[in-house]
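A.B. asks: What follows is a single structure, and I will ask about it in a moment.
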Amino acid sequence: MPALSLETTPRTSLGRKNKALRRSGLTPLHLYGPGGDPLILQAPSPIVRKLLVTAGKTTAVNIVVEGTDGEELSFVRDVAVHPVTGEIQHVDFLRIHADRKVQIPVEVSLIGEAPAIRGGAAQINHVTRSLTVLAFPLSVPSGIEADITGLEEVGDVLRVSDLILPDDVEAVNHPDDVVARAQKQREAEVFEVVGGEADEEGIEGEEGVEGEEGAEGEATTAEGESSSDDSA
């Protein structure tokens, strides 16, 4: 998918001054990552909200900074949201390079109808809901569809190796990992109670850039009043 674009301006409001910035209709932003200096930025809140809905964390975003030449290719890395008001407190963008593959989790959705569920004997258990892929930034799919029409009997499974991925996109997960399984109704219910979903991992560059903290110690989550108010 082609990269989206976000026009920004340099930000001078830091710490608790970000409260006033948000009240004025601007969202604090932070761009960081290999290949450049961290940038402290801001952009109109309505535009940022619209961008986040469209881009998610799998569509590349070109950050355009007023007064500078060129663009900075990035992915949305973290979004801090006020737990009560739902207001976006802060957004972190991770700098990437168009010619370097990245590892990034994408959502897996099930499509089709499995013959195994006919008559109510079985239930489809969606085991792997997020697949980590290796791809060039502009080739990262927004999601992966898993066709379950081949699950004909109780016990049948759909594995990562069965998925049809776009060109230039590789699955990082083990090929034998189960994506979906046809189980007896009660077995599926027990599995859902006992089982759990692994936390999604963040974007990892080909050179192993993962979990890099933003400069100035900016917050990536908000509890009460975001801790980004005490930083950049």
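A.B. asks: Could you tell me the relative contact order of the stretch 1-81? Use alpha-carbon pairs under 8 Å, at least six residues apart, and round to a whole percent. Before the final figure, lay out the partial values.
C.D. replies: Details: 120 pairs, mean separation 28.2, N = 81.
Reported relative contact order: 35 percent.
A.B. asks: Related question: Kindly write out, for the stretch 89-101 in residue order, the coupling ³J(HN,Hα) from the Karplus curve 6.51 cos²θ - 1.76 cosθ + 1.60 (θ = phi - 60°), rounded to whole Hz, with x marking Gly and Pro.
C.D. replies: 8, 6, 10, 9, 10, 9, 5, 9, 10, 4, 9, 10, 5
A.B. asks: Return, ordered by residue number, the residues of the stretch 26-48 whose backbone nitrogen is under 15 Å from a label point located 7 Å along Cα→Cβ of Asp69.
C.D. replies: The answer is none, because no backbone nitrogen lies closer than 15 Å to the label point.
A.B. asks: Follow-up. Determine the per residue accessible area of the stretch 1-56 with all protein chains present and a 1.4 angstrom probe, expressed in square angstrom.
C.D. replies: With the other protein chains kept in place, the stretch 1-56 gives 52 Å² per residue.
A.B. asks: Return the distance in nm (one decimal) between the two label points of a simple spin-label model at Ser139 and Arg100, each offset 7 Å from Cα along Cα→Cβ.
C.D. replies: Here the answer is 1.7 nm between the modelled labels.
A.B. asks: Checking the table Lys101/Lys184; Lys17/Lys101; Lys17/Lys57; Lys50/Lys101; Lys57/Lys184 against a 31 Å threshold on Cα-Cα, which pairs fail?
C.D. replies: Table pairs above 31 Å Cα-Cα are Lys101/Lys184; Lys17/Lys101; Lys57/Lys184.
A.B. asks: Right, here's the next one. Can you run phi through the Karplus equation (6.51, -1.76, 1.60; θ = phi - 60°) for the stretch 8-20 and list ³J(HN,Hα) in whole Hz, with x for Gly and Pro?
C.D. replies: 10, 10, x, 10, 10, 6, 10, x, 5, 5, 5, 4, 5
A.B. asks: Figure the gain on full extension for Arg129 and His174 (residue separation times 0.36 nm, minus the Cα-Cα span) and round it to one decimal in nm.
C.D. replies: Fully extending the segment from Arg129 to His174 adds 14.8 nm.
A.B. asks: Something else about it: Let me know the shape class of the stretch 39-116, please: from the alpha-carbon gyration tensor, a ≥ b ≥ c as square roots of the eigenvalues, rounded when a/c is under 1.5, otherwise prolate if a/b is greater than b/c, or oblate. Kindly include the intermediate steps, with their values, before the conclusion.
C.D. replies: On the way: a/c = 2.73, a/b = 1.43, b/c = 1.90.
Note, shape of the stretch 39-116 comes out oblate.
A.B. asks: Further question: Could you give each residue of the stretch 67-78 its phi-based ³J(HN,Hα) in whole Hz, using Karplus coefficients 6.51, -1.76, 1.60 with θ = phi - 60°, and x for Gly or Pro?
C.D. replies: Working through the residues one at a time gives x, 10, 8, x, 10, 10, 6, 7, 10, 5, 9, 9 Hz.
A.B. asks: Please report the base-10 log of the normalised intensity I(q)/I(0) for the stretch 1-140, using a Debye sum with one equal scatterer per alpha carbon and no solvent, at each q in 0.16 (1/Å).
C.D. replies: Values, matching the q order: -0.86.
A.B. asks: Let a ≥ b ≥ c be the square roots of the eigenvalues of the Cα gyration tensor of the stretch 1-75; is it rounded (a/c under 1.5), or, if not, prolate (a/b larger than b/c) or oblate? Display every interim value, and only then the final one.
C.D. replies: Numbers: a/c = 1.91, a/b = 1.29, b/c = 1.48.
Oblate, since a/c reaches 1.5 and b/c is not below a/b.
A.B. asks: If I compute solvent accessible area with a 1.4 Å probe over the protein chains, what percent of it on the stretch 57-195 is carbon and sulfur?
C.D. replies: On the stretch 57-195, the fraction of accessible area on carbon and sulfur atoms equals 46 percent.
The values are calculated or read from the model by the stated rules, or taken from the named source; none is laboratory data. None of the values given here were measured: they were computed from a predicted structure. Cβ: placed from backbone, ideal geometry, glycine included. Neighbour counts: every protein chain shown. Protein only, heavy atoms only, side chains kept; ligands, DNA and RNA dropped before computing areas. Shrake-Rupley method; radii C 1.70, N 1.55, O 1.52, S 1.80 Å.
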